[in-house]
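Everything on this sheet refers to the single structure shown next.
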Amino acid sequence: MFSGSFLYDNDAEGAYPPSYYTESAEPLKPFAALEGSGSCDVCIVGAGYTGLSSALHLAQRGYDVVLLDAHRVGWGASGRNGGQVASGQRKDQESLEDSLGPEAARSLWSLAQDANALVKSLIADHEIDCQYKHGSLHADHKHRYVDSSKAYAEKLQRDYDYDQIRFVPKNEIGELVGSDTYFGGTLDMGAGHLHPLRYALGLARAAADAGARIHERSQVVSYKNSGNGKTVKIKTNAGEIDAGFLILACNGYLDDLDSRIASRVMPINNYIIATEPLGGDRARSLIRDDVCVSDSRFVVNYYRMSDDHRLLFGGGESYSHSFPSDIKNFVRRPMLQVYPQLRDVRIDYGWGGTLAITGSRMPYVARLSDKVLTACGYSGNGVAMATLAGQVLGDAVDGTLGRFDVLEKVPTMRFPGGRRLRWPLLVLAMTYYALRDRL
């Protein structure tokens, strides 16, 4: 059975992990920890994309907002991820149509496109230097997937009026990606990629400028409704806040804060490496047009080039609690399956982080009580959707429920087995699908 804390067991307290992102971003001046007691209109727990977006949008509307994080703003998955800004939901539109119906599927597509547009507008409005670039290539690692990719691109063009995506055949994908491991895919120029920690820090700066009160190194240990039911009392390791509303935006770092969320959202670990700078010519020989790439494996390989021509390669998951002892070699293996020509390349950085998945691979968005809301479980599709979810939670606090209702109605089942069995059952399921990738 899992035990331990994702907040502390793999990382130093209050410090960003040693990663390429940490080294290539300018950290903000630390925000003071919460001490003593206070009050606010809205308290938000978790300063990742969801919490930062909520804080920014609520503060802009005049709400008194307190944002709490156990470590630093953007410390978790929001500052460690692959930086891919995808189109659509984590589930494809065909699956959503089959499970939820055409109308709901179309609403979810529209929300996902709103999410992409929101990321771009926030970057522009707040002058966030996060190196956003256009283009995302989905690469099929098995020949039998190619016809489905072609049909799906045609479906989005035909049924969703989406003209930013096109099919990529075998002869072209070898030109776009300097590897012979793929058989085809799709190229989506409406999607893109960015420096995730720079983006998070930019959101934090904007939220603080709008008036949000941010407190780092302030772990929330419990919360409860007040005696009169009009506020929520939030207790941290050194202080207490009385809030009119509480937003839980902890994602994979929830730990034991709320059992209702924990029953539907499972933390798993994922890993990324950064090579030495490769130079412009060699970088273009690997990813010709500087798009980001993700492949069709269940345990996805995802990669892109940094501004200084490093290959940032994400691959491999672990379902135990702790990170591997040698992350660089753990991820180097799948990198060399795609790019055997990089055997001579030095790996300068290797880091891990914890994301949250749901059984449906769709976000868990819920009103836990009249005063408590949550959004989490983005299942690897969080850069854009978490940003939007933060805005949607702000809408709900402000009394506008349309988009919140669309997301809340998406079924997100509990993981089976309770606390004792859900982890080993997840390991069995993930191992099965990982093995299926090799067949």
Taking segment 351-371 and keeping residues more than 13 Å from the chain's Cα centre (by Cα) and either surrounded by fewer than 22 Cβ atoms within 10 Å (Cβ to Cβ) or of a type in the set (Lys, Arg) (or both) leaves 359, 360, 366, 367, 368, 369, 370, 371
Among (1) free of Cβ contacts under 8 Å to residues at least 24 places away in the same chain; (2) under 23 Å from residue 66 (Cα atoms); (3) outside any strand (DSSP E or B), residue 281 falls short only on (2)
The correct count of residues that are without any contact (Cβ under 8 Å) to a residue 24 or more places away in the chain and farther than 17 Å from residue 139 by Cβ in segment 158-175 is 3
Going through segment 183-205 in order, the residues found to be surrounded by fewer than 22 Cβ atoms within 10 Å (Cβ to Cβ) and among the small types (Gly, Ala, Ser) are 190
Kindly establish whether residue 234 is hydrophobic (A, V, I, L, M, F, W, C), under 15 Å from residue 352 (Cα atoms) and in contact (Cβ under 8 Å) with a residue 12 or more places away in the chain. no
Going through (1) of a type in the set (Gly, Ala, Ser); (2) assigned to a helix (DSSP H, G or I); (3) under 16 Å from the mean Cα position of the chain (by Cα) one by one, residue 74 fails only at (2)
Residues of segment 234-274 being of a type in the set (Lys, Arg) and either crowded, with 18+ Cβ neighbours inside 10 Å or closer than 29 Å to residue 326 by Cβ (or both), in sequence order, are 264
The correct count of residues that are of a type in the set (Asp, Glu), part of a loop (DSSP other than H, G, I, E, B) and closer than 26 Å to residue 272 by Cα in segment 1-51 is 4
Residue pairs qualifying under the 6 Å Cβ cut-off, at least six apart or on distinct chains, with the first in segment 64-76 being more than 20 Å from residue 382 (Cβ to Cβ) and the second being at pLDDT 95 or above and part of a loop (DSSP other than H, G, I, E, B), are 65/212
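Per-residue answers, yes or no, for (1) under 30 Å from residue 342 (Cα atoms); (2) touching a residue at least 60 places away in the same chain (Cβ under 8 Å); (3) under 22 Å from the mean Cα position of the chain (by Cα):
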| site | (1), (2), (3) |
| --- | --- |
| 186 | yes, no, yes |
| 192 | yes, yes, yes |
| 212 | no, yes, no |
| 222 | no, no, no |
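The values are calculated or read from the model by the stated rules, or taken from the named source; none is laboratory data. Everything quoted here is computed from the prediction, not taken from an experiment. Every residue, glycine among them, receives a Cβ derived from its backbone with ideal geometry; neighbour counts consider all protein chains shown.
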